[in-house]
Amino acid sequence: MFKLHKKNGRARRGEFNTPHGVIQTPVFMNVGTLAAIKGAVSTMDLKEVGCQVELSNTYHLHLRPGDKVVRQLGGLQKFMHWDGPILTDSGGFQVFSLAALRKIKEEGVYFSSHIDGRKIFMGPEESMQIQSNLASTIAMAFDECVENPSTYEYTKASCERTVRWLIRCKNELDRLNALSGTINQQQMLFGINQGGIYEDLRIENMKQIAELDLPGYAIGGLAVGESHEEMYRIIDVVEPHMPPGKPRYLMGVGTPSNILEAVSRGIDFFDCVIVSRNARHGHLFTQHGTMNVLNAKYELDDRPIDPECGCPTCRHYSRAYIRHLFKAKEMLGMRLCVLHNLYFYNKLMENIRNAIDHDAFEEYKRENVEKFAIRI
């Protein structure tokens with residue numbers, strides 16, 4: 001399913017064949033938590049801004065509208081009118097974020113809905129059943145994301161439980177994919193590496209889950225409070241033990257500079273909510289750094305957000321107009337900014353792929369890694 005075409009240092013250029021289309025890697029997955037990109041962006045817009053993969057959330061869709069509703073309507077692709085690949089995360093991170101409302105046991109996690117407080121149970125089997133109902137292309141394993149810092153003893157016990165849960169996820173998804181009524185009988189399972197910031201736990205966990213020969217593997221439990229340097233150290237430690245013939249996904253990361261650093265360490269898949277979240281507050285990514293379009297200095301600025309950008313927003317609208325929309329509380333302002341940021345990220349990944357293709361990735365990284373982090 002995954003073809004590794006080229007390496008430039010440790011940076012990898014490949015393609016991942018899925019039941020819903022071929023994914024060119026490295027790739028950024030555009031986050032649509034509730035089967036929609038926040039900011040009034042449609043799936044037709046996603047095509048225009050170069051999105052390859054849409055990512056939705058198992059926990060949130062289980063609550064609203066309900067995974068059984070989505071199943072009755074033909075699965076996520078049909079429900080949201082998107083014919084490309086979709087990845088659904090397992091709900092593990094959302095359970096992690098509900099620390100005050102949860103209780104973790106061997107069978108799974110008991111927690112309360114953040115919407116209405118009703119009691120919910122989710123274990124490996126339940127997560128796979130929900131994701132099977134959603135019929136996503138890639139289902140993520142149900143895991144525990146421990147907070148940083150956590151004690152060595154707790155992190156070790158959590159890692160061991162996560163491996164046991166992964167085996168249960170695999171067995172349940174194999175069962176579901178064999179059922180005649182399953183919408184996507186080719187749904188793929190990605191395992192998740194955990195271990196906090198402890199190198200020996202990360203390595204041992206990666207070795208154990210690699211033995212299951214899954215279609216892909218993720219590094220989870222990062223970007224949850226540790227420094228960037230710690231994150232890069234963990235990637236460096238884990239990457240040599242990740243199967244080279246399978247795609248590698250760094251969950252919840254990150255800034256353009258984070259992505260360049262992670263690609264240089266052999267990562268293929270990325271996602272992060274900051275792309276649309278920042279845009280909805282007027283914070284925009286450009287080829288020359290990040291800018292806040294709400295600043296007073298843009299009141300009379302008739303230039304596009306980024307003169308070098310080819311997105312629908314930059315082709316037609318000025319900084320001054322977009323700033324006005326925000327000040328007037330017009331939804332269009334958020335929409336135009338989200339379109340710009342999504343386009344920027346998808347174009348960034350295209351540029352990274354082209355650089356690897358032409359043996360120029362290290363030069364591309366060197367020219368841009370610090371520039372992207374500048375606040376204009």
| task | Rank by packing, highest mean first: peptides 348-356, 335-343, 172-180, with packing defined as the count of other Cβ atoms within 10 Å averaged across residues. | result | 335-343, 348-356, 172-180
| remark: Taking a ≥ b ≥ c as the square roots of the eigenvalues of the Cα gyration tensor, with a/c under 1.5 meaning rounded and otherwise prolate when a/b exceeds b/c and oblate if not, segment 170-233 is prolate
| field | Gyration tensor verdict on segment 2-272 (Cα atoms; rounded if a/c is under 1.5, prolate if a/b is larger than b/c, oblate otherwise) | value | rounded
| task | Would you grab the residues whose amide H sits under 5 Å from the one on HIS5? Only those 5+ places off in sequence or on another chain, please, with H modelled 1.01 Å from N. | result | ARG13, GLY14, GLU15
| said: Run the simple label-point estimate for TYR232 and GLN24 please: 7 Å along Cα→C-beta, distance reported in nm. | reply: 2.8 nm
| Simple spin-label model, 7 Å along Cα-to-Cβ: GLU160 to VAL369 in nm? | 3.8 nm
| request: Run through the DSSP bridge list for segment 2-272 and note the antiparallel percent, rounded to the nearest 5. | output: 45 percent
| field | 3J(HN,Hα) from dihedral phi, segment 4-16, Karplus parametrisation 6.51/-1.76/1.60, rounded to Hz, x for glycine, proline | value | 8, 7, 7, 10, 10, x, 9, 5, 10, 10, x, 8, 10
| message | Give me the percent relative contact order of the chain, please, defined on Cα pairs under 8 angstrom at least 6 residues apart. | response | 18 percent
| query | Packing-wise, with mean Cβ within 10 Å as the measure, how do 242-250, 357-365 rank, highest first? | reply | 242-250, 357-365
| field | Residues with amide H under 5 Å from that of CYS145, placed H, sequence gap 5 or more | value | PHE96
| field | R0 of 30 Å, Cβ-Cβ distance LEU73-LEU332: FRET efficiency to nearest 0.05 | value | 0.55
| task | Straight distance only, please: which lysines reach the Cα of LYS170 with their own Cα at less than 17 Å, same-chain residues fewer than 8 apart left out? | result | LYS207, LYS246
| request: Would you list which lysines come within 21 Å of LYS365, measuring only between C-alpha atoms, while excluding same-chain residues fewer than 8 positions from it? | output: LYS6, LYS7, LYS347
| query | Working out 0.36 nm times the residue gap between GLU308 and ASN295, then minus their Cα-Cα distance, what length gain in nm do you get to one decimal? | reply | 2.6 nm
| message | Quick check on packing: order 290-302, 143-155 by the mean number of other C-beta atoms within 10 Å, highest mean leading. | response | 143-155, 290-302
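Values quoted throughout were computed directly from the atomic coordinates according to the rules given, and no laboratory measurement underlies them. Computed from a predicted model, the values in this text were never measured in an experiment. Cβ atoms come from the backbone with ideal geometry, glycine included; neighbour counts cover every protein chain shown.
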